């Protein structure tokens with residue numbers, strides 16, 4: 001019976017539900033709110049699983065076609081896909097690590113000079129996946145994974161936003177907002193690149209990105225789901241055309257079944273976006289209560305903490321810089337792909353819509369702060385290269401655990417994760 | 001009771017935090033507003049009175065909704081309170 005109960009507790013949906021339950025009870029919410037909040041969180045996680053399942057079939061189709069067409073592995077840098085895979089197999093470890101991470105973040109913010117409270121739930125979740133996978137790949141006992149991994153996560157949540165603070169203050173004009181997005185190392189770099197470029201700018205006013213006009217249709221990329229759909233459709237067509245050129249058309253026909261082979265890529269790309277919609281709806285629902293609890297607890301017990309918020313919070317301060325950053329990071333991603341091809345990497349990382357818009361866009365805002373549009377463009381270009389190239393370091397480790405075809409592109413995951421993995425390697 | 005939708009592009013990080021902040025302002029000032037949050041797709045078929053978002057989305061959306069509020073600083077409760085009050089004043093029945 002004990003074994004059966006233990007096996008049941010491994011149900012990740014129930015674990016996140018319990019985290020929400022604890023959070024709601026700590027806030028002394030009414031019984032009705034506690035029950036509905038907990039149930040909604042569990043349902044949200046299950047919705048996430050439905051979306052994730054829908055997406056993983058399509059990703060497999062894509063990697064099969066890409067491999068047939070180009071002879072190498074094409075890996076998408078769409079973080080949600082990799083997260084779905086990680087949670088599918090290692091959900092328990094990730095969820096518990098995340099819980100320890102929340103507690104560690106609060107304690108570190110309370111008792112040390114690193115005062116950021118990381119309020120972007122989904123990024124906390126993704127980093128928890130990365131850390132759990134690294135510990136598991138190095139065969140560490142589950143209790144070490146959860147506790148040490150959780151402490152590292154909490155520390156990163158409290159400390160990494162701090163390196164961006166000087167730029168955040170310049171961007172927002174106040175000191176009450178920190179950056180809760182795990183590309184802090186990249187954003188700071190983009191900011192410094194902007195500062196460097198700013199030294200050569202004759203007139204600061206003229207080079208600020210708010211003075212540039214971008215074509216109207218760029219606005220389309222502000223819609224996340226649409227951008228995802230567009231990227232995937234294009235990628236599928238690239239893979240299918242490569243297959244056709246490589247004499248592999250029969251494979252495409254076989255995979256497309258009743259659909260025409262040249263319509264199949266369109267359908268798959270759009271289907272991917274449909275699955276993504278379900279996935280993010282689920283993520284939104286299951287982290288809602290947990291984030292609300294995190295905010296409430298930090299505001300009550302750690303009044304001098306600095307809320308680290310999701311990157312769109314700074315988009316209103318330089319909306320054109322966001323689009324410049326999107327373009328810059330996409331070009332950086334393409335350049336990174338070119339480097340991978342030239343250096344004959346067996347794995348090619350492909351830039352993804354979400355990453356370019358949110359992470360790239362934020363690099364744009366940071367580069368713009370002191371460097372205008374040139375800073376935005378150059379800063380996001382450089383970090384854009386990092387966003388596709390850095391995941392190469394940890395990819396083999398994750399692929400061995402069954403997380404293949406997708407990767408975790410954000411800069412902080414890869415820099416911190418690679419260092420930790422290297423340290424563990426010294427002991428093997 | 002007014003119905004408000006708080007939205008952002010992906011519907012995850014910023015709209016959630018914005019909703020938490022807006023809810024705090026609403027309960028502190030006893031405004032009669034009920035909130036939900038989502039991404040841009042949630043606007044389809046939304047039949048409420050008010051849409052709240054980050055200011056940079058305003059340009060695309062303000063003509064498609066009955067009343068739109070764009071917030072510049074997600075943590076600035078004074079800004080949120082001032083804009084909510086303006087909405088209520090403009091819509092008092």
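The values are calculated or read from the model by the stated rules, or taken from the named source; none is laboratory data. What you see is a predicted model; the values in this text were computed from it and never measured. Here Cβ is always computed from backbone atoms with ideal geometry, including for glycine, and neighbour counts include all displayed protein chains.
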Residue check, residue A:349 within 23 Å of residue A:62 (Cα to Cα), part of a helix (DSSP H, G or I) and touching a residue at least 24 places away in the same chain (Cβ under 8 Å): no
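Kindly indicate which of A:372, A:364, A:384, A:332 is in contact with a helix residue (DSSP H, G or I) (Cβ under 9 Å, 6 or more places away or on another chain), buried (at least 23 other Cβ atoms within 10 Å of the Cβ) and at positive phi.
Values: A:364 fails: at positive phi; A:384 fails: at positive phi; A:332 fails: at positive phi.
Sole residue among the options that is in contact with a helix residue (DSSP H, G or I) (Cβ under 9 Å, 6 or more places away or on another chain), buried (at least 23 other Cβ atoms within 10 Å of the Cβ) and at positive phi: A:372.
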Matching helices (runs of 4 or more DSSP H) fully within chain B where at least 1 residues are within 14 Å of chain A (Cβ to nearest Cβ) and at pLDDT 90 or above: B:13-29, B:77-91
Options A:312, A:303, A:307, A:316; residue that is outside any helix (DSSP H, G or I) and within 10 Å of another protein chain (Cβ to nearest Cβ): A:307
Hits in the range A:106-123 - residues which are more than 14 Å from residue A:303 (Cα to Cα) and in contact with a strand residue (DSSP E or B) (Cβ under 6 Å, 6 or more places away or on another chain): A:118, A:119
Number of the condition not met by residue A:258 [criteria: (1) more than 14 Å from chain B (Cβ to nearest Cβ); (2) surrounded by fewer than 17 Cβ atoms within 10 Å (Cβ to Cβ); (3) part of a helix (DSSP H, G or I)]: (3)
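For (1) outside any helix (DSSP H, G or I); (2) in contact with a strand residue (DSSP E or B) (Cβ under 9 Å, 6 or more places away or on another chain); (3) more than 10 Å from chain B (Cβ to nearest Cβ); (4) within 30 Å of residue A:37 (Cα to Cα), each residue gets a yes or a no:
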| residue | (1), (2), (3), (4) |
| --- | --- |
| A:267 | no, no, yes, no |
| A:278 | no, no, yes, yes |
| A:354 | no, no, no, yes |
| A:357 | no, no, no, no |
| A:367 | no, no, yes, no |
